[in-house]
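The values are calculated or read from the model by the stated rules, or taken from the named source; none is laboratory data. From a predicted model like this one, the values you see are computed outputs, not experimental measurements. Glycine also receives a Cβ, built like all others from the backbone with ideal geometry; neighbour counts cover every protein chain displayed. Accessible surface areas use protein heavy atoms only, side chains included; no ligands, DNA or RNA. Shrake-Rupley method; radii C 1.70, N 1.55, O 1.52, S 1.80 Å.
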Amino acid sequence: MGSPLVVGVVGVDGSDASLTAVDWAVDEAVRHGVPLRIVHASRWERYEGVLPDWTPDRQPGRILAENIAAVATERARRRAPGLAFTTHVLAEDAAGALLTEGREGALLVVGSRGRGEFADLLLGSVSLIVAARASCPVVVVRGDRYALEARHQRVLLGVGDHDVDSSAVGFAFQEAAVREAELDAVRTWRRPSHEPADHPPPHGDEGAFAAERSSELLDKALEAAASAHPRVHLRRTVLEGPAHSVLTERSAAADLLVVGARRRDRHVGLELGRVAHRALHHASCPVAVVPQRHVETTEGER
């Protein structure tokens, strides 16, 4: 947990959102002192329209793909002249190619919207698939200028029931450390609909009891990472309300929102909880989805 990134990977598709993601990925690579890999992947035959001149041994789609990668590369070079990076153009499905890149434990960075026919959606399909299935942390770049330029000097962490010394907690502390930013660790609680049998609330005050329990669980979740990063300015926040709404609202004052996503062995399909799904669509800052492995059980599964 919390080990330095080996390499950063950013996916580009020629859209404005992907170029914004390049800027963010370049800044992130500089912070961590790691090289950046710029990846464009597509099926050439999907491209249509007016294309540059081409030769028989170079398909028009290939030329366009190379141009997209070249623009992103030049943008990265101008933003950070001393940064080491490589560029890869792959004749593969975009989501599949990025998921393969993530198997090496790198950080994947993608834009919030694509260049295809569904570009007007809140979140592009490739970004959603990558965030929901990747085996490494994924950052979907979104938000206003203050967040994109890290002006808030704050990392926001959503702490759930399974986040005791989790990968998401470690990632958030690492980000706060390299940014020299405050870490706002938030856990929410809801007033129970009935009295818990194993821990009856004192004096019948269910709200106070739920808040106290949430505070204890938050401290437990943060204990190990806080000890490992004593210089990080940590704010512990316990609030009543649904986590997805609270975190989305607080993201307006953050440079990065970090949430965990449980990955289930042998599971097929998207693996995003309600909190992560809401954040990816509505947060006011970039969102990091950090996978946490969960082994399936045959019974007693919650």
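Annotations
- Around Leu218: net Lys/Arg minus Asp/Glu count, Cβ-Cβ under 14 Å: -4
- The accessible-area ordering, largest first, of the residues His88, His282, His244 stands as His282, His88, His244, per a 1.4 angstrom probe.
- For Ala208 and Asp144, a Förster radius of 25 Å and the Cβ-Cβ distance give a FRET efficiency of 0.10, rounded to the nearest 0.05.
- Shown here for the range 208-238: trypsin sites (Lys or Arg not before Pro) in loop regions (DSSP other than H, G, I, E, B) with at most 14 other Cβ atoms within 10 Å, namely Arg231.
- Simple spin-label estimate for Asp16 and Glu66 gives 2.9 nm between the two label positions (7 Å along the Cα-to-Cβ direction from each Cα).
- Calculated FRET value between Arg263 and Lys220, using beta carbons and R₀ = 22 Å, to 0.05: 0.50
- Probe 1.4 Å, all protein chains present, accessible-area order of Asp23, Asp16, largest first: Asp16, Asp23
- Here the calculated FRET efficiency for Gln292 and Thr87, from their Cβ-Cβ distance with R0 = 25 Å, stands at 0.20, rounded to the nearest 0.05.
- Ranked order, Trp24, Trp189 - accessible area, probe 1.4 Å, largest first: Trp189, Trp24
- Fully extending the segment from Glu74 to Leu239, taken as 0.36 nm per residue of separation minus the present Cα-Cα distance, adds 54.9 nm.
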